[in-house]
1. Quote to one decimal, in nm, the extra length available between C27 and M1 on full extension: 0.36 nm per residue of separation minus the C-alpha distance between them.
2. What is the log10 of I(q)/I(0) for the stretch 49-93, computed with the Debye formula using one identical point scatterer on each Cα and no solvent, at q = 0.16, 0.18, 0.26 Å⁻¹?
3. Are there any trypsin sites (Lys or Arg not before Pro) in the stretch 47-82 that are in a DSSP loop and have at most 15 other Cβ atoms within 10 Å? List them by number.
4. Can you compute the modelled spin-label distance between A10 and K45, with each label point 7 Å from Cα toward Cβ, in nm?
5. What is the fewest-to-most order of F11, F59 by other Cβ atoms lying within 10 Å of their Cβ?
6. Do any of K45/K78; K12/K89; K61/K89 go past 19 Å between their Cα atoms, and which?
7. Grab the Cα-Cα distance for K89 and T19, subtract it from 0.36 nm times how many residues apart they are, and report the gain in nm with one decimal.
8. At a temperature of 37 °C and a viscosity of 0.692 mPa s, determine how fast the stretch 15-94 diffuses translationally according to Stokes-Einstein, using the Kirkwood radius over alpha-carbon pairs as Rh; express D in µm²/s, rounded to the nearest whole number.
Amino acid sequence: MSSLEMQLSAFKVIIQKSTIRVVCPQCLQGFPRANVLYRHFKTEKDNIHMGLSMRKVDFEKFLDCYQEALGASIPAEKLHYGFDCFEVKFVVEHYANDAEKVQMNTSSQSLKVYKTHLPFEA
């Protein structure tokens, strides 16, 4: 097992034993309960965080903001119900999936794809 694999394994155990149950896909801050996460969405003043708090009010806006924050185009029907879409495992499994696909398809793209979640125009 490589050093990086050992570090990732240790990190996985730490997360599993921590009180973090849900994570904000925009800033990757972890929270012990969904109600604390939703409070975080409302206290942050940027459009993505505010959109993440609108699931029941405007699902389309929520989905757009969720996909942008996560960097992954997850269809609505594949999105976990309720706050399950914010569970640590789900967010980690899907985080920046679109950036990864873009990088594999266009090797000339820089890491700007990963950082901004959008391919840049040359």
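We did not get these values from a lab; they are worked out from the coordinates using the rules stated. All of these numbers come straight from a predicted model, not from anything done at the bench. With ideal geometry, Cβ positions are generated from the backbone for all residues, glycine too; neighbour counts draw on all protein chains shown.
1. Details: separation 26, 0.36 × 26 = 9.36 nm, distance 3.04 nm.
Roughly 6.3 nm would be gained on extension.
2. Ignoring solvent entirely, the Cα scatterers give -0.36, -0.46, -1.01.
3. Taking the stretch 47-82 and a limit of 15 other Cβ atoms within 10 Å, the loop trypsin sites (Lys or Arg not before Pro) found are K56.
4. 3.9 nm
5. Working: F11 10, F59 13.
Arranged by neighbour count, lowest to highest, F11, F59 become F11, F59.
6. Numbers: K45/K78 28 Å; K12/K89 10 Å; K61/K89 23 Å.
Pairs exceeding 19 Å: K45/K78; K61/K89.
7. Numbers: separation 70, 0.36 × 70 = 25.20 nm, distance 1.35 nm.
Roughly 23.8 nm would be gained on extension.
8. Values: Rh = 12.5 Å.
Estimated via Stokes-Einstein, D reaches 264 µm²/s.
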